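A short worksheet on the structure shown next.
The values are calculated or read from the model by the stated rules, or taken from the named source; none is laboratory data. This structure is a prediction, so every number in the text was calculated from the model and none was measured. We place every Cβ from the backbone using ideal geometry, glycine too, and count neighbours over all the protein chains shown.
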Amino acid sequence: MINHNGEIISNNDLKLTYQNRAFKYGDAVFDTLKFENNRILFIEDHYFRLMSSMRMLRIKIPMNFTLNYYEDEILKTLKKNNLLENARIRCTVYREDGGLFTPKSNSCNFIIEAEELQKVIYNEYEIELYKDFPVFSGLLSTIKTNNRIVNVQASIFAKENSYQNCILINENKNLVEASNANVFLIKENKIFTPALTEGCINGVIRKKIIEMLDKSSIFQIEESIISPFELIKVDEVFLTNSIFEIQSVLKYRKKTYDTDKTDIIRKLFDKFKIEKINSN
């Protein structure tokens, strides 16, 4: 069962026309959220990021589309699917049908879908650099539009070559993000992540990690321009997204990251658990 504009319907009953702008032009944004222990994690951050993305794309935000409405519609969808413990949620907001590049209307529709969360545990997590197509730096790349073709190609490349993920670069050949996550690098007690100006997604977990580290006296956090060569030089690498939250990386090419050496990942996990408990 899915939620289409506030109505719960069967997946098979969803009727989208050939004029659907998400299909024809990728004229849509989406949000991926995690439901855990009977609550939606960081719902407020997700909501405001979604609203910000809609404003950037000039998609009209309905007056009733409040934070409470968003949360209620997600919970309604979860309940109808009997997902009472853990779930993966996706909300897609797309511009109303009609028009060519210039839309006939800026009004929106939305679809909320939910499925049981499948936890994947890796014995090893190996990454590689994806160089076939770049992500273009700039503000538009920071929002989660439906145009994710570079991420799709990088994910195919990773699967075909038995990597768990790929790191994307921009037109300047600087690090951007992983195919489905933000990326952080650790050197001694300093943590680096690509700046938003490099074209990385403005991830909710990325934001929470940066806020958490800003308050910490143990670590320094820096948003910066990062060369791919740094992947060889640093002590550790980890990825973040709303589903797996924090994923440590074991290997990049001939470099093996010794997470037991600095123990920073474990400390981050512990701090993040506290952050989740205190959230919302």
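Side notes on the structure shown:
- Residue count for the stretch 7-42, restricted to those that are within 16 Å of Asp72 (Cβ to Cβ), surrounded by 13 or more Cβ atoms within 10 Å (Cβ to Cβ) and either touching a helix residue (DSSP H, G or I) at 6+ places or on another chain (Cβ under 9 Å) or free of Cβ contacts under 8 Å to residues at least 60 places away in the same chain (or both): 5
- In the stretch 10-19, the residues that are more than 13 Å from Phe110 (Cβ to Cβ) and not in a helix (DSSP H, G or I): Ser10, Lys15, Thr17, Tyr18, Gln19
- Failed item in (1) out of contact with any Gly (no Cβ under 7 Å at 6 or more places or on another chain); (2) more than 16 Å from Asp45 (Cα to Cα), with Glu73 passing the rest: (1)
- Here the condition is being within 22 Å of Ala28 (Cβ to Cβ), part of a helix (DSSP H, G or I), touching a residue at least 12 places away in the same chain (Cβ under 8 Å) and not assigned by TED's automatic domain parsing to the domain that holds Leu57; of Asn180, Asn151, Asn202, Asn147, it holds for Asn151 alone.
- Some residue of the stretch 167-189 being surrounded by fewer than 20 Cβ atoms within 10 Å (Cβ to Cβ) and among the small types (Gly, Ala, Ser): no
- The set of residues from the stretch 20-67 being out of contact with any strand residue (DSSP E or B) (no Cβ under 9 Å at 6 or more places or on another chain), assigned to a helix (DSSP H, G or I) and over 23 Å from Leu140 (Cβ atoms) comprises Glu44, Leu67.
- Restricting Leu196, Leu168 to residues that are more than 28 Å from Ala87 (Cβ to Cβ), at pLDDT 95 or above and not basic (Lys, Arg) narrows the list to Leu196.
- Considered as a group, the residues in the stretch 101-136 that are modelled with pLDDT of 95 or more and polar (S, T, N, Q) include one that is surrounded by the most Cβ atoms within 10 Å (Cβ to Cβ), and that residue is Asn109.
- Taken across the stretch 78-90, residues that are in contact with a strand residue (DSSP E or B) (Cβ under 9 Å, 6 or more places away or on another chain), of a type in the set (Lys, Arg) and in the same structural domain as Ser162 (by TED's automatic domain parsing) do not occur at all.
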